[in-house]
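Trainee: Structure below; questions to follow.
The values are calculated or read from the model by the stated rules, or taken from the named source; none is laboratory data. All of these numbers come straight from a predicted model, not from anything done at the bench. Heads up, the Cβs are rebuilt from the backbone with ideal geometry, glycines too, and the neighbour counts pull from every protein chain shown. Remember, those area values only see protein heavy atoms, side chains included, never the ligands or the DNA or RNA. Shrake-Rupley method; radii C 1.70, N 1.55, O 1.52, S 1.80 Å.
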Amino acid sequence: MADGVVIVGASGFAREVLDIFVTCREHKQDLEVLGFIVDEKYGRPGDLVNDKPILGDFSWLAERAKEVAVCMGVGDPGLRLKLVTRCRKLEARYCGVIHPQCLMTKWMEIGTGTVIAAGCIFTNHIVLGDFVQINLACTIGHDVKLGDFATLAPGVNVSGNVTIGVGAYVGTGANIIEKVTIGDWSVIGAGATIIKDVPPNTTVVGVPGRIVRTSTSRMASESLPLTDPATRAIGSASREAGSL
């Protein structure tokens, strides 16, 4: 087990990730956050963020990568992929965290580094990839698959048999009907209702959803498999409080 957790990032979502860890500690989990890792232009070592210090930049992490677990506190999926790649070069270990006030069943697969906020409801036969982020009060139906780095903003409702691709971002309050596929690195606007498949690298807004932009590949869409047993063990420990 790692000596503690460091959160990459120190802005709004990173503070929310800290809140989840604090709540888990109150539920007798033993993952303590030591502080935050940011590049120098985003904060100075010793500055406090919600009573936790900025520890330093990635050089701090390079010296302690074997001692700590890393949790991503960055909401943008493309930036998150870049930061995970940087940490991976340092042979960092990763962990995720799930708020205890989530409803879940044992019929789920949850990848490394995934963060799930309070109030989310999951049914069964759901697969979440690595470094997925699911924000406040989302509902996820049966047989849903979320690719690595997929991100759901608060209040997203996903019906059954939906596939959300690698790095896709679904905005606040969006609704996705059953049996729809959201392509890799696509963006679904806030409040949109998705009633048909969305191609990769596409921005969709409105009710019903309509395509407003298609771009060239935003990011390399390959996943980053993480099979280190210690990393998996840390991830498992952070999930215990969220299971029914």
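Trainee: Taking all protein chains in place and a 1.4 Å probe, what share, in percent, of the accessible surface of the chain do carbon and sulfur account for?
Mentor: Working: 5670 of 10900 Å².
Heavy-atom surface of the chain belonging to carbon and sulfur, 1.4 Å probe: 52 percent.
Trainee: GNM on the chain, C-alpha springs below 10 Å: top fluctuator among LYS52, LYS145, LYS41?
Mentor: Of LYS52, LYS145, LYS41, the most mobile in the Gaussian network model is LYS41.
Trainee: Looking at GLY183, GLY206, ILE164, which one has the Cα that reaches farthest to the positive end of the dipole of the chain (charges on Cβ: Lys, Arg +1; Asp, Glu -1)?
Mentor: It is GLY206, whose Cα lies furthest towards the positive end.
Trainee: In nm², what is the average projected area of the convex hull enclosing the Cα atoms of segment 55-193?
Mentor: 8.0
Trainee: Taking a probe of 1.4 Å, how large is the accessible area per residue of the chain, in Å²?
Mentor: Accessible surface, normalised per residue, equals 45 Å².
Trainee: While we're on this one: Given the options ASN50, ASN175, ASN201, state which has the largest fluctuation in a GNM of the chain using a 10 Å cut-off (strictly under) for Cα springs.
Mentor: ASN50
Trainee: ARG93's amide H: which non-local residues (gap 5+, or another chain) put their own amide H closer than 5 Å, with H modeled 1.01 Å from N in plane and none for Pro or chain starts?
Mentor: Long-range HN contacts for ARG93: VAL70.
Trainee: Related question: Evaluate the charge dipole of the chain about its Cα centre and quote only its size in Debye, nearest 20, assuming +1 on the Cβ of each Lys and Arg and -1 on the Cβ of each Asp and Glu.
Mentor: Here the size comes out at about 460 debye.
Trainee: Please give the net charge around SER159, taking every other residue with its beta carbon less than 12 angstrom from that of SER159, where Lys and Arg add +1 and Asp and Glu add -1. Show your work: numbers first, answer last.
Mentor: Numbers: positive: LYS179; negative: ASP143, GLU178.
Around SER159, the charge tally is -1.
Trainee: In whole Hz and in residue order, list the ³J(HN,Hα) couplings for segment 135-144 that follow from phi through the Karplus curve 6.51 cos²θ - 1.76 cosθ + 1.60, θ = phi - 60°; x for Gly and Pro.
Mentor: Each residue's phi maps through the Karplus curve to give 8, 4, 6, 8, 10, 10, x, 5, 6, 8 Hz.
Trainee: Would you calculate a helix-derived [θ] at 222 nm for the chain, using -39,500 (n - 2.57) for each DSSP H run of n ≥ 4 and dividing by the full residue count, to the nearest 500?
Mentor: The helix contribution divided over the chain gives -5500 deg cm²/dmol.
Trainee: Find the eigenvalues of the gyration tensor of the Cα atoms of segment 1-60, then list the square roots of 5 times those eigenvalues as equivalent ellipsoid semi-axes, largest first, in whole angstrom. Don't jump to the answer; show the numbers that get you there.
Mentor: Numbers: eigenvalues 83, 31, 14 Å².
Semi-axis lengths for segment 1-60 are 20, 12, 8 Å.
Trainee: Show me, bin by bin at 10 Å from 0, the whole-percent P(r) of the chain based on Cα pairs.
Mentor: 8, 34, 35, 19, 4, 0
Trainee: In addition: In whole angstrom, how long is each semi-axis of the equivalent ellipsoid of segment 1-107, when you take the square root of 5 times every eigenvalue of its Cα gyration tensor and sort them from largest down?
Mentor: Ellipsoid half-lengths, sorted descending, are 22, 16, 14 Å.
Trainee: So which lysines pass the test for LYS52, namely a Cα distance under 23 Å, with those fewer than 8 places away in the same chain ruled out?
Mentor: Reachable lysines: LYS28, LYS41, LYS66.
Trainee: I would also like to ask the following. Out of HIS142, PRO45, LEU18, whose Cα points farthest toward the positive end of the dipole of the chain (charges: +1 Lys, Arg; -1 Asp, Glu; placed on Cβ)?
Mentor: So the residue we want is HIS142.
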